[in-house]
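One structure is given here, and the rest of the page talks about it.
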Amino acid sequence: MKKYSYVGALIMLIIISSCGNTANENKAKVKMDPARMAIQGEMEAELTAPPKVPASVGDRSAKKLVVNMEVIEEEGEMTDGVKYVYWTFGGSVPGSFIRTRVGDEIEFHIKNHPDNKLPHNIDLHAVTGPGGGATSSFVAPGHEKVFNFKVINEGLFVYHCATAPVGMHIANGMYGLILVEPEGGLPPVDKEYYVMQGDFYTKGEYGEPGVQPFDMKKAVEEDADYVVFNGKVGSMTGDNAITANVGETVRLYVGNGGPNLVSSFHVIGEIFDKVYIEGGSVINKNVQTTLVPAGGAAIVEFKVDVPGTFILVDHSIFRAFNKGALGMLKVEGNENRTIYSGTIQEGIYLPEGTSNQEMPSSEKEEAVNTNISMSERIELGKQIYSRTCFACHQAEGQGIPNAFPPLAKSDYLNKDVNKAIDAVLNGLSGEIEVNGVKYNSVMTKQNLSNDEVANVLNYVYNQWGNSKKEVTPAMVKARRSSEGH
Amino acid sequence: MALVFRIIYSFLLLISTTVIGVSQSDNMVYIKGGAYVPLYGNDSSRVVVNDFLLDIYPVTRAEYLNFVKNNPEWTKSAVKRIFADGNYLISWKDDYTLNQKISGSAPITNVSWFAAKNYCKAQGKRLPTIDEWEFAAMADETRIDARPDSLYNQYILSWYETPKAFNKEIGSTFKNIWGVYDLHGLVWEWTQDFNSVLLSGESRKDVDADRNLFCGSGSIGATDLMNYAAFMRYAFRGSIKANYSVKNLGFRCANKAQK
């Protein structure tokens, strides 16, 4: 039964697809059938390692394009101290970027380095033909195979090795992108980069040092240790970040080699003005996150309007922060405060009615230790300061301009010790003037014992050029008692 | 303790000479045949392997040099291209000089199938068949068939990933229960009928064509890793031709079991 319905479905499919083909053919003939485009001349393809891409085809005619791709098995660095034996197209992961145009006739040379242990091949998704070239390109170590194909469909395509076990060849880094531009090339942009995600499975957990062998079990279970852009953790961060200038349009050729995981590609702080969905011809606009399937791609474009560092992530976000799927785009140029102001105000947030609320207070009426020395009080006070006061008044008591007044050389503090004690005990809000500058902010009431208030104030008074005024627990107790009761 | 080991050792020797009946002559061991299920074969059923003799070690560079001296038609300069491609003995300085950087006890590589076949013939031997080779190679130190063991497979897989193992000397990997060394971990090895495996190199297609083989082998989960290790060997065999001379590919000889 099942078999028959399967056959039926197949026949249906054939009918549908053959109908589809006729429709497409008619359409294509109006333009020009790429399969029939004549070629003029011959050239060797420029191949680039990520994040670089070769120059656009521009308005060049369709040509015979010779691609020389060498397969190299070599040890590389996954992240600091972690080595991995990568299998590569052209010595990089992802492999060399190939840029071609519709109508080109590609003469593809695949060369398997003699030191390699394994046979390899290549399946280019841009190929129309069985196996995408895999059968014709199956090559033993120390040998070379050549095959030809005509580029018919435009778009951004993945290529990968398809030798058994295919999952392992891909998991070890054997994938890359081939871009097929339309006649005349894609519209020019200011910056173009090559970004490709991949997941890796190692015997040791993330970050475990040494040479880490591939773990087949984890790969089968899709339990990735590393999810990275361009073959390793940090391939596009710090000094390796990709760059652009304010006002430029950036185009990213984004691929996903897998072997297993689908990418939710996102650039933090940017909206994609255009996405060539799945690397094809349909353009979506104003996209936040685009899905890049394993064995698929997308072209994203955006104009950078403001300077700063924009983070490229797989928005399956633990992959970004715990497995390595993080890159950086550094944009330089002038600020545009209309588009993005930066922080303009910072203050304490008190929800409605909180001024009447208090932290659960444990009336700390412990026995006052009168034997404690001043230096010990200051030391204890320092600890309280770093726990309680530091966030607003800052490490050197300098405060934060326009938000929190300074404690260093503070006239407000040094003028009246009682006001200082009151501020700690009861909090302080409304406009005050400190060293000639007006502040209108809120300090919350601190839940500290008399002893603790004394200690922290002694610390503050003995720092940063303040008056060294001594505050005793008794003084604090007196202020607490006088507190409007 | 030492005494206990000595007793066990002599006991093992006794077993090996009486029960298995190992003939150590010409550095070969006796492999008692049996039936096994290969990953690929003529069909999905079990394959019967007859008793045979197998070299303990792969043929070394020094041994091969000796062969070339006695058979000058197999020197680098004299060999015909249809019998060995341009990589034949490529690291040798000249017809009779090994590359001194690599030990004479390392396995000979960069030899074609024709060369390997003739070497064995000159010793009164022959190349093992795929089934003989695979049968002998599914053993580890203690078991005739260690393939279901994930550690055994992990060991093989990790070698497949390690570049440049061909510089190591013979005997540097483990000795299996038959007394054979280096079936895994040193170099690939030629087999008599290597090209009877029609692997197109398009693994997805191959998987499809041989689907019944996979199902036939039963519990899919348990054999996943085993299949992967074997897959790589078969893929390799499928990628080579008889005149290819590959840096990671050596050989050893086999022979009919003497009665």
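Each value in this text was obtained by applying a stated rule to the coordinates, not by laboratory testing. All values reported here derive from a predicted model rather than from experimental measurement. Cβ atoms come from the backbone with ideal geometry, glycine included; neighbour counts cover every protein chain shown.
For chain A, with only Lys/Arg (+1) and Asp/Glu (-1) charged at the beta-carbon, what is the dipole magnitude about the Cα centre, in debye rounded to 20?
It works out to roughly 660 debye.
Assuming 0.692 mPa s and 37 °C, estimate D for the range A:28-119 with Stokes-Einstein, Rh taken as the Kirkwood radius over Cα pairs, in µm²/s.
The estimated diffusion coefficient comes to 214 µm²/s.
How would you order B:246-252, A:240-246, A:176-182 from highest to lowest mean count of nearby Cβ atoms within 10 Å?
Ranking, from highest mean packing down: B:246-252, A:176-182, A:240-246.
Distance between Cα centroids, the range A:180-243 to the range B:162-185: provide it in whole Å.
When both Cα centres are located, 34 Å separates them.
To the nearest whole number, what is the average tally of beta carbon atoms from other chains within 10 Å of the beta carbons of peptide B:231-239?
For peptide B:231-239, the averaged partner shielding equals 6.
Please sort through the DSSP H helices of chain A and keep those with an alpha-carbon extent of at least 20 Å along the long axis and a Kyte-Doolittle average not below -1.0.
A:2-31
Counting only other chains, and only Cβ atoms inside 10 Å, what mean value do you get across the residues of A:135-144?
Mean partner shielding for this stretch: 6.
Which lysines does A:K382 reach when only Cα atoms under 26 Å apart count, and residues fewer than 8 places away in its own chain are ignored?
A:K364, A:K409, A:K415, A:K419, A:K445, A:K468, A:K469, A:K477
What does the structure give for A:210-220 when I average, per residue, the other chain Cβ atoms found within 10 Å of the residue Cβ?
Mean shielding by partner chains, rounded to a whole number: 3.
Take the residue pairs A:K150/A:K274; B:K69/B:K117; B:K32/B:K256; A:K145/B:K168; A:K323/B:K164 and return only those whose Cα atoms are more than 23 Å apart.
A:K150/A:K274; A:K145/B:K168; A:K323/B:K164
Sequence neighbours fewer than 8 away in the same chain don't count; with that in mind, list the aspartates and glutamates whose C-alpha is under 17 Å from A:K218.
A:D199, A:E205, A:E208, B:D149, B:E161, B:D224
At 222 nm, what helix-only mean residue ellipticity would chain A give, in deg cm²/dmol to the nearest 500, using -39500 (n - 2.57) for each DSSP H run of four or more?
Rounded to the nearest 500, the figure is -6000 deg cm²/dmol.
Please express the Cα-Cα pair-distance distribution P(r) of the range A:375-481 as a list of whole percents, one per 10 Å bin, running from 0 to the bin with the greatest distance.
Final binned percentages: 16, 54, 29, 2.
Output wanted: per-residue J couplings in Hz (rounded whole) for the range B:169-176, from phi through Karplus 6.51 cos²θ - 1.76 cosθ + 1.60, θ = phi - 60°, x for Gly and Pro.
Result, rounded to whole Hz: 7, 4, x, 7, 10, 7, 9, 8.
If you plug each phi of the range A:270-275 into the Karplus form 6.51 cos²θ - 1.76 cosθ + 1.60 with θ = phi - 60°, what whole-Hz ³J(HN,Hα) values come out, in order, with x for Gly and Pro?
Values, residue by residue: 9, 10, 5, 5, 9, 10 Hz.
In sequence order, what are the phi-derived ³J(HN,Hα) couplings for the range A:323-340 according to the Karplus relation 6.51 cos²θ - 1.76 cosθ + 1.60 with θ = phi - 60°, rounded to whole Hz, with x for glycine and proline?
Using θ = phi - 60°, the values come out as 10, x, 6, 8, x, 10, 10, 9, 10, 10, x, 7, 5, 10, 5, 6, 6, 8 Hz.
Could you list the trypsin sites (Lys or Arg not before Pro) in the range A:296-350 that lie in coil according to DSSP, counting only those with at most 12 other Cβ atoms within 10 Å of their Cβ?
Taking the range A:296-350 and a limit of 12 other Cβ atoms within 10 Å, the loop trypsin sites (Lys or Arg not before Pro) found are A:R337.
Taking only the alpha carbons of chain A, what extent do you get along each of the three principal axes, in Å, biggest first?
Projected onto its principal axes, the Cα set of chain A covers 96, 53, 47 Å.
Please report how far the C-alpha centroid of the range B:37-110 lies from that of the range A:119-146, rounded to the nearest whole angstrom.
If you average the Cα positions of each part, the centres end up 27 Å apart.
Rounded to two decimals, what is Rg over Rh for the range A:34-181 when you use alpha-carbon atoms and the Kirkwood radius?
0.98
Based on the Cβ-Cβ distance from A:V211 to A:A55, what FRET efficiency comes out when R0 is 41 Å, to the nearest 0.05?
My answer for the efficiency is 0.65.
Would you please give the FRET efficiency between A:N418 and A:N371, computed as 1/(1 + (r/R0)^6) with r the Cβ-Cβ distance and R0 = 22 Å, to the nearest 0.05?
The formula returns an efficiency of 0.30 here.
Which of A:K203/A:K303; B:K93/B:K121; A:K232/B:K93 have a Cα-Cα distance over 30 Å?
Listed pairs above 30 Å: A:K203/A:K303; A:K232/B:K93.
If you wrap a convex hull around the Cα atoms of the range A:190-283, how much volume per residue is inside, in Å³?
It is 124 Å³ per residue.
Please give the peptides B:48-58, A:394-404 ranked by average Cβ packing (other Cβ atoms within 10 Å per residue), highest first, as a rough proxy for protection.
B:48-58, A:394-404
Based on the Cβ-Cβ distance from B:D149 to B:N50, what FRET efficiency comes out when R0 is 25 Å, to the nearest 0.05?
Computed FRET efficiency for B:D149 and B:N50: 0.45.
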